[in-house]
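The values are calculated or read from the model by the stated rules, or taken from the named source; none is laboratory data. Only a predicted model underlies this, so the values are computations on that prediction, with no experimental measurement involved. FYI the Cβ positions are ideal-geometry reconstructions off the backbone, even for glycines, and counts take in every protein chain you see. Surface accessibility is based on the protein's heavy atoms, side chains included, excluding ligands, DNA and RNA. Shrake-Rupley method; radii C 1.70, N 1.55, O 1.52, S 1.80 Å.
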Amino acid sequence: MSSAPTYPTARLTLMPAGEGDFEGLLSLRMAAMRESLERVGRFDPQRARERLSRGYNPAHTRHILRDGELVGFVVVIPREQDLLLDHLYIHPSAQREGIGAWVMRQVLAEADAASSPVSVTALKHSDATRFYERHGFVLQAEGEWDLYFRRPARPASDDPVT
């Protein structure tokens, strides 16, 4: 018997964020990261605000909607050498439903269409590490608090990770 991944049955969509969405996205980010950050003694609402506000750009931010309800957001920043997956957060009430995997497939399809690698940073000792590795990301470096991953560029014709 195979343990094939399950995918959400809800209708999922990505919608552009706006200038006035910052506070709601900050609240969602804190809810999504709280447990992981508390585990390493790094949960700090002010630091979370500063981290998100430092690079908040609605042009690169998309809401993740499940049946029209905001359950997360993703930020992908095009850079000269790659795409930076700067944020991907799913509200705890919607985690472990395949939503993050669905979003990752969208992001990777966009990267593949552009033949671009994707970079991402993950907090050490978080569930995100396994998630990124499952999607083809390879550890490049390790910092005091974070791990730095990169997924190599793939031609759009390659079969993406499923």
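Things worth noting here:
- Helix-only CD estimate at 222 nm, as mean residue ellipticity for the chain, using -39500 (n - 2.57) per DSSP H run (n ≥ 4): -9500 deg cm²/dmol
- A 1.4 Å probe run over the chain, with the rest of the protein chains in place, finds 56 Å² accessible per residue.
- Rg over Rh for the range 38-114 works out to 0.99, using Cα positions for both radii and the Kirkwood form for Rh.
- Candidates Val118, Val74, Val107: whichever shows maximal mean-square fluctuation once the chain is modelled as a Gaussian network with Cα springs under 10 Å: Val107
- Accessible-area composition of the range 67-161, carbon plus sulfur, in percent [1.4 Å probe]: 50 percent
- Coil-residue GluC sites (Glu not before Pro) of the range 76-162, DSSP, other Cβ within 10 Å capped at 10: Glu80, Glu144
- Amide H within-cut-off set for Phe43, under 5 Å, with H built and near neighbours excluded: Glu38
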